[in-house]
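The block underneath contains the structure these notes are about, expressed in structure tokens.
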Amino acid sequence: MAEEYNPYNPIVMDHFLNPRNMGDLEDADGIGEVGAAACGDIMKISLKISDDGKISDARFKTFGCGSAIASSSMATELVKGKTIEEALKVTNKNVVDALGGLPPVKIHCSVLAEEAIKAALDDYIKRHPEKAALVAEKKHKA
Amino acid sequence: MIKVYLDHQSSTPVLPQVYEAMLPWFSEYYGNASALHEQGLRAKAALNQSRKQFSEAIHSPDPESILFTSCGTEANNLAVKGTAYALQHKGKHIILSTAEHPSVENSVAFLERQGFTATRVSVDSQGFINPEDIRAAITPETILIATHYANHDIGTIQPVAQIGEIAREHKIQFFVDAAFSAGWLPINVQEMNASLLSLSPHRFYGPKGVGVLYKNRKARLSSIIHGGIQENNFRSGTENIPAIVGGGLAMQIAENERETRVSRLRVLQEKLWKGLSEQISYICLNGPLPGENRHPANLNVSTEFIEGEGQLLLCNAAGIAVASGSSCVSKNLKSSLTLTAIGLDITLAQGNIIFTLGKDNTFEQIDYVVSSFAKIVERLRQMSPMWDAFQKGNISSVIPGNPK
């Protein structure tokens, strides 16, 4: 195969060119949208959360550069199957590491992905106050 | 795989005959042009031959007015800072436009930190400078008017002769940044009343590593690189003879072929814009319509609801090389100065793509680019929450004249 020249590493390029979980969830339990077009990125993450508090499905839609799209794709992969408590602990660094690194000027894309996940979980907790107590309790115990 | 290069404003391939002409100047004729022996004198003759080629192409009164630098950016730095330092005893005020290349804008900003002052004349929504705004900005302290000939981002061709006339009336030194124009647009430094004018040979099928500054005999200039007495003491440092030889030949060929190249480019440019505007919704052209007021190689567009870097990367994956003025593409995360200067909506600035055609692009390539780009835009819109919001009627299009 001929050498390929891309501004991002192969994992980032793969998530940009073949994004995982792109789209919306019709009956999402939590939706988070963060960023602004003026800043260059808008990320929207939709989550489906089962009764036992596990994230059964995640989708994203992103207006942004290659690394923003790859970060959202990776973030949805990282939270799928996790409990709310576990998902709340997913950081931008986890996203960057899973992507095998991002250029320094693009780290903010991963921060936005973390914020989008947290915003979607906040939305879920707002809609289900009874779960909020549970999350808080577990946090407290931890 | 199909490869289409549409980034000729960032660089062009060196012409085969230019490459051939450069080759002997690496290992066969390697003398320093300042040396007084056969090797040195031969290099000096080559240097002067190239000066003549540039001089003729831009209608310079004499070849001695051609100075060689290492690149267009250095030529622009020399013109701006060199004028400022040479004339600071007369005044410290500089006039430029809000849509200059960073090498001019940042040179002026550097001088401002040293006590010089500047007036940045606004350009209109198509990027045009109004010469009367330049006139109005002149003060008794003004020592330099610096503008570009064709804008490097959106291709707007400025009324440089009118601005030059105003500069002449007020006896103010006039610098024209022609780095994106030379080889494509006719240049006559005398008709423009240019005191200084910069060129960049790698933009017209010459090599990198050489820039040119035309300096009228009457223009005052201080050197900004100090050392030996090369370039009549205006630019120290051993001359890059291979690049200077190649650059001169590229200039001569570009001038000989200019009309043929340009008339073909105009057809390709129109075809590209027609194709894109017909196949893609919510796309706008930045800068003047293709025609006499626009650089024949440049097409700068914004597609709404998506971002430029994603478009650029997907173009690259499809074998198409383009550029973007979007903030996500620049290392400083700022949109291009020009897009800000023309007052383009910030989301449209984010969705920016710059196509620059070259003499070897074909009609088939344009068809491929149009159909590929339409698919790329569609694909990114499917991913975009803004497109969603627009489809649901939650946000409106900001492109003037589009249905809301």
For this session: Could you compute the FRET efficiency for B:Glu278 and B:Lys375, with r as their C-beta to C-beta distance and R0 at 22 Å, rounded to 0.05?
Result: 0.90
Seminar exercise, completed: Once both label points are put 7 Å beyond Cα along the C-beta direction, the B:Thr139-A:Lys54 separation in nm becomes 7.2
Seminar exercise, completed: Note: probe point = Cα of B:Phe110 + 7 Å toward Cβ; backbone nitrogen < 20 Å; residues of the stretch B:192-216 passing the test are B:196-201, B:209-215
Exercise. What is the stretch A:1-40 by shape, rounded, prolate or oblate, if you read a ≥ b ≥ c off the alpha carbon gyration tensor as root eigenvalues and call it rounded for a/c under 1.5, prolate for a/b larger than b/c, and oblate otherwise?
Worked result: oblate
Seminar exercise, completed: Here the cysteines of chain B lacking a cysteine partner under 4.7 Å (Cβ to Cβ) are B:Cys71, B:Cys284, B:Cys315
Problem set entry | Using alpha-carbon coordinates, inclination of helix B:160-169 to the longest axis of chain B, degrees | 50
Exercise. Which value does Rg/Rh take for chain B over its C-alpha atoms, Rh per Kirkwood?
Worked result: 1.00
Exercise. Relative to the longest principal axis of chain B, what angle (0 to 90°, nearest 10) does the C-alpha long axis of helix B:72-87 take?
Worked result: 60
Exercise. Could you name the lysines in cross-link range of B:Lys359, using Cα to Cα under 22 Å and dropping any fewer than eight places away on the same chain?
Worked result: B:Lys3, B:Lys208, B:Lys271, B:Lys274
Seminar exercise, completed: Reported to the nearest 10 Å², A:Met13 has, with a 1.4 Å probe, an accessible area equal to 10
Exercise. What's the center-to-center distance, using Cα atoms, between the stretch B:256-335 and the stretch A:81-123 in Å?
Worked result: 34
Seminar exercise, completed: Using alpha-carbon positions, the gyration tensor of the stretch B:113-235 gives root eigenvalues a ≥ b ≥ c; with a/c under 1.5 called rounded, otherwise prolate if a/b exceeds b/c, else oblate, the class is oblate
Exercise. Per residue, what volume in Å³ does the convex hull of the Cα atoms of the stretch B:295-373 enclose?
Worked result: 95
Problem set entry | Using alpha-carbon coordinates, inclination of helix B:102-112 to the longest axis of chain B, degrees | 70
Seminar exercise, completed: One finds the C-alpha centres of the stretch A:46-61 and the stretch A:1-30 to be spaced, in Å, by 19
Seminar exercise, completed: Under the 7 Å Cα-to-Cβ spin-label approximation, B:His226 and B:Glu20 lie apart by a distance in nanometres of 4.6
Seminar exercise, completed: Relative contact order as a percentage, the stretch B:63-217, C-alpha pairs under 8 Å and 6+ apart, gives 29
For this session: With only alpha-carbon atoms counted, please give the Rg and Dmax of the protein assembly as shown, in Å.
Result: 27.1, 92
Exercise. What is the list of residues in the stretch B:331-365 whose amide nitrogen lies under 16 Å from a point 7 angstrom out from the Cα of B:Val267, following Cα to Cβ?
Worked result: B:358-365
Exercise. Mind listing the Cα extents of the stretch B:16-254 along all three principal axes, in Å, largest one first?
Worked result: 55, 35, 28
Problem set entry | Over the stretch B:74-135, volume per residue of the alpha carbon convex hull, in Å³ | 84
For this session: Specify the inter-centroid distance of the stretch B:74-91 and the stretch B:41-56, based on alpha-carbon positions, in whole Å.
Result: 26
Exercise. By the scheme Lys and Arg +1, Asp and Glu -1, what is the net charge of all other residues having a beta-carbon under 15 Å from that of B:Met22?
Worked result: -1
Exercise. Can you pull the accessible area of A:Lys93 for me, 1.4 Å probe, Å² to the nearest 10?
Worked result: 120
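The values are calculated or read from the model by the stated rules, or taken from the named source; none is laboratory data. No experiment lies behind these values; they were computed from the predicted model shown. Glycine also receives a Cβ, built like all others from the backbone with ideal geometry; neighbour counts cover every protein chain displayed. Quick note on the areas: whole protein, heavy atoms, side chains included, nothing else; ligands and nucleic acids left out. Shrake-Rupley method; radii C 1.70, N 1.55, O 1.52, S 1.80 Å.
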